[in-house]
1. Extension gain residue 414-residue 359, at 0.36 nm per residue separation less the Cα-Cα distance, in nm?
2. Report, in whole Å, the centroid distance computed from the Cα atoms of segment 345-367 and segment 33-54.
3. Give the separation of the Cα centroids, segment 302-324 to segment 391-462, in Å.
4. Using the per-residue mean of other Cβ atoms lying within 10 Å as a proxy for protection, in what order, highest first, do the peptides 93-99, 141-147 fall?
5. Restricting things to alpha carbons, find the Rg to Rh ratio for segment 272-462 using the Kirkwood radius for Rh.
6. Residue by residue through segment 61-74, which ³J(HN,Hα) values in whole Hz follow from phi under the Karplus form 6.51 cos²θ - 1.76 cosθ + 1.60 (θ = phi - 60°), with glycine and proline marked x?
7. Quick one: work out Rg over Rh on the C-alpha atoms of segment 354-498, Rh as Kirkwood radius.
8. Cα axis of helix 438-447 to longest principal axis of the chain: angle in degrees, 0 to 90, nearest 10?
Amino acid sequence: MTVQPEVPSPAASQATPGGLHMVIGGERVDAADGQTFDVVNPATGKVIATAPMGGAEDVDRAVVAARKAYDEPGGWSSWSATKRGRALARYSALVKENLEELAQLESQNVGKPITSARGEALAVSLVFEYYAGAANKVFGETIPVSRPGLDLTLREPIGVVGLIVPWNFPMNMASWKLGPALAAGNTCILKPASYSPMTAIRLGELALEAGLPSGVVNVVTGPGGTAGAAIAAHPGIAKVAFTGETRTGQEIMRLAAGNVKKISLELGGKSPNIVYADADLEAFGTTSPYSVFDNCGQDCCARSRILVERAVHDRVVELFSDATRRVKVGDPADAETEMGPLVSQRQRERVREFVAIGQEEGAELVVGGGVPDDEALVDGAYLMPTVFDHVSNDMRIAREEIFGPVVSIIPFDTEEEAVRLANSTPYGLSGSIWTRDIGKALRTARAVQAGVLSINSNSSVHTEAPFGGYKMSGVGRELGMHAIELYTELKNVFIDLG
Ligand code: NAD
């Protein structure tokens, strides 16, 4: 299946209410050429705003503003780390004060259930809080070199950094990058996905309200192929941090080669959920639907392959299917809703194509596969949570990242086979292991090639712990103190005492 990069349609009318602005050099600005694109609520199909269709010229403007903010006298990189940390603490507090607004924007922009959106807004505040505390805990080492002297290392900011984020967790992916980049003393150009510009723009405005100087956080909206590519290739940008599809990440690596940019990439996944026969099957069955259907399956960590030991296969299918049927699909504005629409009609069509492929490949459709029969949801990009059983790992539904609410159940017979199946994917982002045998759990965790694993749990993300992928799932680790490495250069200084 060919997946086209998202291309926003030019706005039908410049007069649509809710005209958004980019944030460049502390100003709220339109695109240099005045072009805009429509922002659509996927739950209703209605245009809810227009956003500037930024391009290379706007990226140039943002680079100039960010460079000035970086190294003008008294600029951001010369602030003491403690002062930067205090600014980040104010940023965190403002996000919390504006939590409801951010949650509503996100929910309307990408169809996220409002309860999830509130949790994600709070998570943004907590990430900024963490990096507020981290700012003045970034320090070097002294190294006992063999020559007579003192050898020490310094961690320094890189400069102007480009942050390109996807639409599935728009504000969280932005915060994972802004937090450590700002704590380390860099200035930033944030580019949200075209589907989801609203919270990124608001985060740019809140940075100014929090007292971060003009030009420290710039937000450029626009298509990946133009605005995104201009960031990836720009000689004035020293580092690019990207979250998105593996194919886009490969393109960004190529574009970034021109000035040998530092790069960090968080890419796709096809994560295994390994269930051994001795596991607490009820706990697995009742919680794991959320590990793949949360965010309508549009989650790089979605546990989209269930590898189940054959002895308990039937019971696991029954428990998982029953729990899947109970997932509440509906209006994202309803606090009871657990699964809203996909991000767009286009994404829904892509996922439905995979449902058809699964059936053609001979997998058994156990639950879902179609659209909800609720008349009230007819205009939205909804799809019911879908379970395929008797999948083999060489089927396309088991190999390709579907990025929708579809899970494949694959039986196995031995521990070795479970590990082989888990690793037989070009991806290596996350995964879970369910067993009561601690030895088996740890052997499996060590053997699975993935950056983020959990045992008897589906959790992947902890603000304080590293997050990132093996193999084609990425380069580098975000979150925790590990992320500071992504936004600093390491300088070695030797002082001759001989
Ligand atoms: P995408 O790759 O289409 O777009 C991501 C961002 O890149 C957007 O801002 C887009 O405008 C921009 N972009 C597109 N083409 C570009 C180009 N040529 N040059 C520069 N920028 C360009 O991804 P998406 O559809 O927005 O998000 C879904 C993907 O993101 C999935 O594959 C998912 O697994 C991945 N993802 C990974 C993680 C992780 O941490 N590993 C987290 C969330 C999402």
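The values are calculated or read from the model by the stated rules, or taken from the named source; none is laboratory data. No experiment lies behind these values; they were computed from the predicted model shown. Note that each Cβ is placed from the backbone with ideal geometry, even for glycine, and that neighbours are counted across all protein chains shown. Heavy atoms of the whole protein, side chains included, go into the accessibility calculation; ligands, DNA and RNA do not. Shrake-Rupley method; radii C 1.70, N 1.55, O 1.52, S 1.80 Å.
1. Contour length minus Cα-Cα distance gives 17.1 nm.
2. 29 Å
3. Here the two parts' Cα centres lie 13 Å apart.
4. Result, highest mean first: 93-99, 141-147.
5. Across segment 272-462, the Cα-based Rg/Rh ratio is 0.96.
6. Per-residue couplings from phi come out as 4, 5, 5, 4, 5, 5, 5, 4, 5, 6, 10, 5, x, x Hz.
7. On the way: Rg = 20.7 Å, Rh = 18.4 Å.
Rg/Rh: 1.13.
8. Roughly 60 degrees between the two axes.
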